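The values are calculated or read from the model by the stated rules, or taken from the named source; none is laboratory data. Being a predicted model, the structure only gives us computed values, none of them experimental. Glycine gets a Cβ as well: all are built from the backbone with ideal geometry, and neighbour counts include every protein chain shown.
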Amino acid sequence: MSAYPHIFQPLDLGFTQLRNRIVMGSMHTGLEDKPEHFDKLAAYFEERARGGVGLIVTGGFSPNAEGDLIPAGSKLVDESQLPWHRLVTEAVHRHDSKILLQLLHAGRYGYTPACVSASDIKSPISPFRPKAMSGEEVWQTIRDYGRAARLARQAGYDGVEIMGSEGYLITQMISLRTNQREDEWGGSYENRIRFALEVVREIRRQAGEDFILMFRLSMLDLVEGGSTHAEIVQLAQALETEGVNILNSGIGWHEARVPTIVTSVPRAAFAEVTANIRQQVKIPVVASNRINMPDVAEAVLASGQADLISMARPMLADPDWVAKAALGQADEINTCIACNQACLDHTFENKLSSCLVNPRACNETRLQYLAAEQVKKVAVIGAGPAGLACAVVAAQRGHQVTIFEAREQIGGQFNLAAKIPGKEEFLETIRYFRTMISKLGIELKLACRASAAELQQAGFEEVVVATGVQPRIPELPGVDHAKVVSYQQLLAEGRQLGGRVAIMGAGGIGFDVAEYLSLEGKSPSLDAELWRAEWGVDISSQQAGGLTRPHIEPSPRKLYLLQRKTSSMGKGLNKTTGWVHKAAMKMKQVEMITGANYLSIDDQGLHIEVTDGDAVQQRLLDVDHIVLCTGQESVNSLYQELQAAEPAFGLHLIGGAEKAGELDAKRAIKMASELAAQL
Ligand code: NAP
Ligand code: SF4
């Protein structure tokens, strides 16, 4: 008996069946954009199909050039492209999975001057003003959707997903916010949804009946002027009447100022939205957004909120997610922590996607963990993310691995990250490594500071030093005052701070500490109702767009966040998550001070000089405590000692110990895994 009976129930669509209820949701990886990458795309999907996913949806392909996301972006427009796509469909079909091509016309989100939309209204997230399509161009676009679906069928896809959410063209045609046309495509709601319905009709006409048609419906727009629940139900029922087989959930336009997928969004926070639509239609409905573990997926299915579960990023993090769930080995799942750092942030930087916790994602043909030709005795010093990743990959390849960790627990900096409200997912990565250490028979020596002499005598053939970082303590009069704590002392030791606190340094950790201190242990991420109240989300969509007035719990203390740079605060934060942290600071009324020159710390507080243009002003921040978030320094004395001794074993330095300036789990895990693949 499966621990997850609802997940593993097949789904009969009449003309075809899905082997289970797990959908690998669409995720643009960048591999779709160039024909020479399709062999990598096929390997990437094949690994997920082999891992047991029931239904895969590709990244977005435009039905025509006007719908490009980026100049010369992915599109399916003629038969010459079919051989590339067949690599993908054949790879997936070798493993009893089904695959849909996603049809995505970017509309005004196209990062190209040639973009088009319902009206010539610029989006707040793109520099390009779209051209309003003429009536004939609208019809041509509909025919292009049909052509793309026909080509998809010829290429061996089992169907298509029509991207009708997230603020792309179809939603632009539906919403008054973006559609101010006066012809048959504008005005009344019936006119504005006509485009979506004509697209469905044309796809059916050109691609046939026995072809899966999934429509990603914007069930909660989260923008002003978005649809109401009654309107969304009207569209859902009309789509059902037109022969759509499955409705997928779209949550929030890309320009929405409410986070929908970042790690601080509670798990399954939007499943109720899907449930509200499911009650109004008879076709299967898919839930999505922040569902990353089998127990959450099973609960959503078992409670009748949805018929299927879509996960995109969790499938990057672990291609064997479904297989592990099927075997009751959920604790071996390498969980997506919803950080976006190697996937969506890469997309926005025009880089190929991968995954912070699984650097093999989208690199399946390049980074392979093959069985070691010669089994070696490997020592890994340090059980932070870099050391753990290296140890696990080396052991998976068959090496005999010992980890030495000076502290009493594994996880390194991830233990600190997990203390931040909204970053609880980091505990999952630590759990994954703990499980793998035990499963792979890795010897773990906790509270054990390995010495150079011991390592040299123990007969290791490879020694990997991953001793991490320590907080940087800036040179400043009074920095040793009792008011001063490092972020490490604050988070690891749980120091209690006073009602007025200054945070020096506004990098990722400075922002995290500000959030920690403004929430005082209360994590809205673990309480969906509280989270929705803070962000002003009305999941019943009684109000247009599902927005309501936010109810913000004030910070229990006055906080200052400071940086020396005069550039805007939070500029260096990650693209897709930085705005959420900045919005949170605004909500909690954290005072941001840029251009700060730190003068001294004494009983009175923190003395600074603030430069604003040509003006320089002296200020005293009369705070009870000052938290240092001023970066890190490498801890690598053991490495230097070993190197000086010219050891007989292979010696390697990875992670923050190698480069503190770029302390970054993505880089650390990638570097560690690549090294372990070579040992
Ligand atoms: P960071 O981003 O390098 O920030 C440290 C800050 O301290 C700098 O912004 C710098 O700003 C200031 N600083 C540096 N040297 C100083 C000195 N001698 N005196 C006073 N101020 C000094 O590093 P972090 O915040 O420690 O984060 C480390 C890494 O963790 C990041 O690179 C990131 O990869 C990861 N992380 C990311 C996030 C996230 O994105 N949400 C969250 C946590 C951690 P000024 O020089 O302008 O003052
Ligand atoms: Fe998930 Fe982060 Fe990996 Fe993206 S990079 S798939 S968000 S763990």
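List of remarks:
- Any pair with Cβ under 6 angstrom, 6 or more apart, that starts in region 490-515 at a residue that is outside the structural domain of Glu591 (by TED's automatic domain parsing) and ends at one that is hydroxyl-bearing (Ser, Thr, Tyr): none
- Checklist (1) touching a Gly at 6+ places or on another chain (Cβ under 9 Å); (2) crowded, with 18+ Cβ neighbours inside 10 Å; (3) over 27 Å from Gly459 (Cα atoms) applied to Thr611, failing item: (2)
- Residues of region 108-132 that turn out to be of a type outside the set (Ser, Thr, Tyr), buried (at least 21 other Cβ atoms within 10 Å of the Cβ) and either in a helix (DSSP H, G or I) or touching a residue at least 24 places away in the same chain (Cβ under 8 Å) (or both), as a count: 5
- The listed residues are Val273, Val244, Val285, Val265, and the only one of them that is surrounded by 22 or more Cβ atoms within 10 Å (Cβ to Cβ), in the same structural domain as Met219 (by TED's automatic domain parsing) and within 20 Å of the chain's Cα centre (by Cα) turns out to be Val265.
- Scanning region 582-605 for residues that are among the hydroxyl-bearing types (Ser, Thr, Tyr) and outside any strand (DSSP E or B) yields one hit, Thr594.
- Filter result (of a type in the set (Val, Ile, Thr) and in a helix (DSSP H, G or I)) within region 74-104: Val88, Thr89, Val92
- Taking the conditions (1) within 16 Å of ligand 2 (Cβ to nearest atom); (2) over 26 Å from Glu520 (Cα atoms) in turn, His581 satisfies each one other than (2).
- Unmet requirement for Ala502, which otherwise passes all of (1) near ligand 1 (Cβ under 9 Å from one of its atoms); (2) outside any loop (DSSP other than H, G, I, E, B): (1)
- Residues (assigned to a strand (DSSP E or B) and of a type in the set (A, V, I, L, M)) located in region 402-425: Ile403
- Residue in region 507-520 that is in contact with a strand residue (DSSP E or B) (Cβ under 8 Å, 6 or more places away or on another chain), part of a loop (DSSP other than H, G, I, E, B) and more than 11 Å from Pro556 (Cα to Cα) present: no
- Counted residues, region 545-583 - those being among the polar types (S, T, N, Q), touching a Pro at 6+ places or on another chain (Cβ under 9 Å) and within 16 Å of Leu530 (Cα to Cα): 0
- Some residue of region 335-345 being in contact with a Lys or Arg (Cβ under 8 Å, 6 or more places away or on another chain), among the small types (Gly, Ala, Ser) and in a helix (DSSP H, G or I): no
Yes or no, residue by residue, for (1) in contact with a Cys (Cβ under 9 Å, 6 or more places away or on another chain); (2) assigned by TED's automatic domain parsing to the domain that holds Met504; (3) of a type outside the set (A, V, I, L, M, F, W, C); (4) at pLDDT 95 or above:
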{"residue": "Asn574", "(1), (2), (3), (4)": "yes, yes, yes, no"}
{"residue": "Ser600", "(1), (2), (3), (4)": "no, yes, yes, yes"}
{"residue": "Val616", "(1), (2), (3), (4)": "no, yes, no, no"}
{"residue": "Gln643", "(1), (2), (3), (4)": "no, no, yes, no"}
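- The set of residues in region 316-344 being of a type outside the set (S, T, N, Q) and within 8 Å of ligand 2 (Cβ to nearest atom) consists of Leu316, Ala317, Cys336, Ile337, Ala338, Cys339, Ala342, Cys343, Leu344.
- Here Asp158 meets each of (1) charged (D, E, K, R); (2) free of Cβ contacts under 8 Å to residues at least 12 places away in the same chain; (3) touching a strand residue (DSSP E or B) at 6+ places or on another chain (Cβ under 8 Å) with one exception, condition (2).
- Among the residues of region 571-593, those identified as over 15 Å from the mean Cα position of the chain (by Cα) and charged (D, E, K, R) are Lys571, Lys582, Lys586, Lys588, Glu591.
- Pair list, Cβ under 6 Å, 6 or more apart: region 47-73 residue surrounded by 22 or more Cβ atoms within 10 Å (Cβ to Cβ) and in a loop (DSSP other than H, G, I, E, B), other residue of a type in the set (Val, Ile, Thr) and modelled with pLDDT of 95 or more: Gly52/Val322; Val53/Ile22; Val53/Val322; Gly54/Ile22
- Considering residues of region 476-499 that are modelled with pLDDT under 95 and exposed (fewer than 12 other Cβ atoms within 10 Å of the Cβ) only, the residue farthest from Ser518 (Cα to Cα): Glu493
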